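**Student:** Just dropping this structure here.
The values are calculated or read from the model by the stated rules, or taken from the named source; none is laboratory data. Everything numeric in this text was worked out from a predicted model, so none of it was measured. Ideal geometry is used to build each Cβ from the backbone, glycine not excepted, and the neighbour counts take in all protein chains shown. Just so you know, the surface numbers come from the protein's heavy atoms only, side chains and all, with ligands and any DNA or RNA stripped out. Shrake-Rupley method; radii C 1.70, N 1.55, O 1.52, S 1.80 Å.
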Amino acid sequence: MLFDGTDARALQQAAALLAAGELVAFPTETVYGLGARADDDTAVAKIFAAKGRPASHPLIVHVAEPRDAERFAADMPELACRLIDAFWPGPLTLILPRAAGMAEAAAGGQNSIGLRCPSHPVAQALLVEARRLGVPGIAGPSANRFGRVSPTLASHVTEEFGDALAVLDGGACEVGIESSIVDCSRGHPVLLRPGVLTRARIEAAAGEPLRAPDADAPRAPGTLAAHYAPKARLRLMSQQMLTSALQMLADQPLKLAVYSRSVPLGAAKGVRHRRMPALPDQAAHELFSVLRELDAEGAQLIWVEEPPADPEWDGVRDRLLRAAAA
């Protein structure tokens, strides 16, 4: 059930569904989310059931503006305020101490909560309208089956869940991979998941270096070793390894697709080639969409050239490593 995200009546209908405890998929600048009112554990349970997601794997709660985050956070450290001032609304999720009695199901039972203020105009309009109906925030993981490729178009969501699910269509997601996640709940910033925001930009806003996760880090969305996987088997390879492997194929009838920046197209007959963009933000924008297209074309193997080692590629590299581990 597709709704036009630019239509005021459609937004009102979607917000009313959320207020009633139903699910609504909606666009953000990163990927499409599968939303439920975050303050209703029964509604949130429908997300876990629909995705096939373990109830202990936490969700991100989306809010319309920074002041709404205070409903869910027991404390708003100065560190978090600096990052909010720099990057909200935008593709950054902050892990904060959770307010007692709020969003326990969305938090996966933890004493911390992931909060984000999205910049997509449709997401913003939905959050504002839902807040008017008493919904303080929307829990919204990516709108796909657990562990699979995230959706960046409304049609991707309906492919996953069918026409019965209400989906607000806001066009193609601008960023294309999920938000960066920074833990601010333990005194120092810890990068739990990279995104399109570079480490240098986050550190500059935080005023201190980002630390690596340790054994006591909170569980966070999208950080399992295997995640973001297409149906086809994905293998991440160096340029040299990929070139050599293609030369060895000869004319073998493999259902193989290659996604690369530098390996010459047409390096092997019968292989479906897609050119990876040379810029990391462009690669992030199209990554999930390309993987879905190659699945739809019947690829059984997807060989992907490793991204450059530059920090700007950390988000794309993270998604590909987790997809290859599935």
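**Student:** For region 154-169, take each phi angle, set θ = phi - 60°, evaluate the Karplus expression 6.51 cos²θ - 1.76 cosθ + 1.60, and give the result in whole Hz per residue in order, putting x for glycine and proline.
**Tutor:** Result, ordered by residue: 4, 5, 4, 5, 5, 4, 6, 10, x, 7, 6, 6, 6, 10, 7, 8 Hz.
**Student:** Starting from the Cα-Cα distance between R233 and S155, subtract it from 0.36 nm times their residue separation and give me the gain in nm to one decimal.
**Tutor:** Length difference between fully extended and current span is 25.8 nm.
**Student:** To continue, here is another question. Have a look at V316, V290, V31 and tell me which one the Gaussian network model of the chain (Cα, springs below 10 Å) gives the largest fluctuation.
**Tutor:** V290
**Student:** Quick query: amide H of Y259 versus all other amide H atoms, modeled in the peptide plane; which residues come in under 5 Å with a sequence gap of 5 or more or a different chain?
**Tutor:** Amide H neighbours of Y259: R274, W303, V304, E305.
**Student:** Within the set of other residues whose C-beta is less than 9 Å from the C-beta of E104, count the net charge using Lys and Arg as +1 and Asp and Glu as -1.
**Tutor:** Residues near E104 contribute 0 overall.
**Student:** Which of A164, A205, A220 moves most in a GNM of the chain, Cα contacts under 10 Å?
**Tutor:** The residue that fluctuates most here is A164.
**Student:** Write down the accessible area per residue of the chain in Å², having rolled a 1.4 Å probe over the full set of protein chains.
**Tutor:** Ligands and nucleic acids excluded, the figure is 41 Å² per residue.
**Student:** Moving to a separate point now. Based on the alpha-carbon gyration tensor of region 1-136 and its eigenvalue square roots a ≥ b ≥ c, which shape applies: rounded if a/c is under 1.5, prolate if not and a/b is larger than b/c, or oblate?
**Tutor:** Here region 1-136 falls in the oblate category.
**Student:** Report ³J(HN,Hα) in whole Hz for each residue of region 18-28, in order, from the Karplus equation J = 6.51 cos²θ - 1.76 cosθ + 1.60 where θ = phi - 60°; Gly and Pro get x.
**Tutor:** So the J values, rounded to whole Hz, are 4, 4, 7, x, 9, 8, 9, 8, 8, x, 10.
**Student:** Among M1, F87, V61, which residue has its Cα furthest toward the positive end of the charge dipole of the chain, with +1 on Lys/Arg Cβ and -1 on Asp/Glu Cβ?
**Tutor:** M1
**Student:** Highest first, please rank the peptides 93-102, 139-148 by the mean number of other Cβ atoms sitting within 10 Å of their residues.
**Tutor:** Per-residue mean Cβ counts within 10 Å order the peptides as 139-148, 93-102.
**Student:** Which cross-chain or sequence-distant (5 or more) residues have an amide H under 5 Å from the amide H of L234, H modelled 1.01 Å from N in plane?
**Tutor:** Result for L234 returns I302.
**Student:** Over the chain, with a Gaussian network built from C-alpha contacts below 10 Å, which listed residue (L234, L294, L224) shows the highest mean-square fluctuation?
**Tutor:** Fluctuation is largest for L224.
**Student:** So how strong a dipole does the chain carry about its Cα centre when Lys and Arg Cβ are +1 and Asp and Glu Cβ are -1, to the nearest 20 debye?
**Tutor:** Using only the charged Cβ atoms, the result is roughly 800 debye.
**Student:** Karplus couplings for region 100-113 from phi (6.51 cos²θ - 1.76 cosθ + 1.60, θ = phi - 60°), rounded to Hz, Gly and Pro as x?
**Tutor:** Values per residue, Gly and Pro as x: 4, x, 10, 6, 5, 5, 5, 7, x, x, 7, 8, 10, 9 Hz.
**Student:** With a 1.4 Å probe and all protein chains left in place, how much of the accessible area of the chain comes from carbon and sulfur atoms, in whole percent?
**Tutor:** 51 percent
**Student:** Something else about it: Pull up all non-local amide H partners of R148: gap of 5 or more, or a different chain, and H-to-H distance under 5 Å with H placed in the peptide plane.
**Tutor:** It is Y228, A229, by chain and number.
**Student:** Let me make sure I get this right: for region 131-281, a, b and c are the square roots of the gyration tensor eigenvalues over alpha carbons, sorted descending. Under 1.5 in a/c it's rounded, otherwise prolate if a/b > b/c, else oblate. Which is it?
**Tutor:** oblate
**Student:** Further question: May I ask what percent, to the nearest 5, of DSSP beta bridges between residues of the chain are antiparallel?
**Tutor:** 40 percent
**Student:** Another question, then. Relative contact order, percent, of the chain when contacts are C-alpha pairs under 8 Å separated by at least 6 residues?
**Tutor:** Relative contact order comes out at 20 percent.
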